[in-house]
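Below is one structure, written out as structure tokens; comments come after it.
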């Protein structure tokens, strides 16, 4: 039986899919996120979200009501679905920040943006906005902290869902012969110097990571 280590807690259905496919699943939470208090000096025309955690934090604040009538663009299907579930209008959506940035550059260059983000984020969008002289401001609305743990169990595969989780994992562990399954290209890039044994999900979704694990081992058994 193959053992899969997930660096985040999985939903019951995702864990059951792995178990039903014959895998032993170990779950460890390698990062923690929490909403923080924040203030907004001004809101621009469009709102940018690149994570569901940012949306959750904003919804807990008074700003949640103020952005009801704003046009929103976001990264990720789960972020988009969560926004729509909470009755927000999502104007644009892309799987990756770089793709959303290209949409902004092509279609919204003359507009202004407020980016609700976490304390740990990539510079992809900020750099693109600055390079194209697009007006924007940033508000940090949640914090990500590393939660390193030493793993003593041997694993055949490791599931990674963010560069932060990789950093946290490598604080107390090494990657040896394990196959690393990544939710997307940004996460995979953070592993490039540590291993060549990387598989990237077809879509940046947890469900797609599970699909990749099952497909990979079925093909290689």
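All of the numbers you see were taken from the coordinates with simple rules; none came from a lab. This one's a predicted model, so the numbers in the text were calculated from it and none came from an experiment. Cβ placement follows ideal geometry from the backbone for every residue including glycine, while neighbour counts extend to all protein chains displayed.
List of remarks:
- Share, in percent, of DSSP beta bridges within the chain that are antiparallel, nearest 5: 15
- Once divided by 2.2 N^0.38 Å, the Cα radius of gyration of the stretch 86-156 becomes 1.50.
- Helix axis angle, 206-220 relative to the chain longest principal axis, alpha carbon, degrees: 30
- Of all DSSP bridge pairs formed entirely within the stretch 33-144, close to 15 percent run antiparallel.
- Note on the stretch 96-157 and the stretch 168-217: Cα centroid distance 20 Å, given to the nearest whole angstrom.
- Extending 7 Å from Cα along the Cβ direction at residue 102 and again at residue 20 yields two label points whose distance is 3.6 nm.
- The ranking of 26, 209, 139 from fewest to most other beta carbons within 10 Å of each one's beta carbon is 26, 139, 209.
- Here is how the number arises for the chain: DSSP H runs of 4 or more residues each give -39500 (n - 2.57), the sum is divided by the residue count, and the result at 222 nm is -10000 deg cm²/dmol.
- Ranking of 208, 19 by count of other Cβ atoms within 10 Å, fewest first: 19, 208
- Fraction of alpha-carbon pairs over 24 Å apart in the chain - percent: 47
- Cα gyration tensor category, rounded, prolate or oblate, for the stretch 33-144 with a/c compared to 1.5: rounded
- Estimated at 0.36 nm per residue, the fully extended path between residue 3 and residue 170 surpasses their Cα-Cα distance by 58.2 nm.
- Length added when fully stretched, residue 41-residue 140, from 0.36 nm per residue minus Cα-Cα: 34.4 nm
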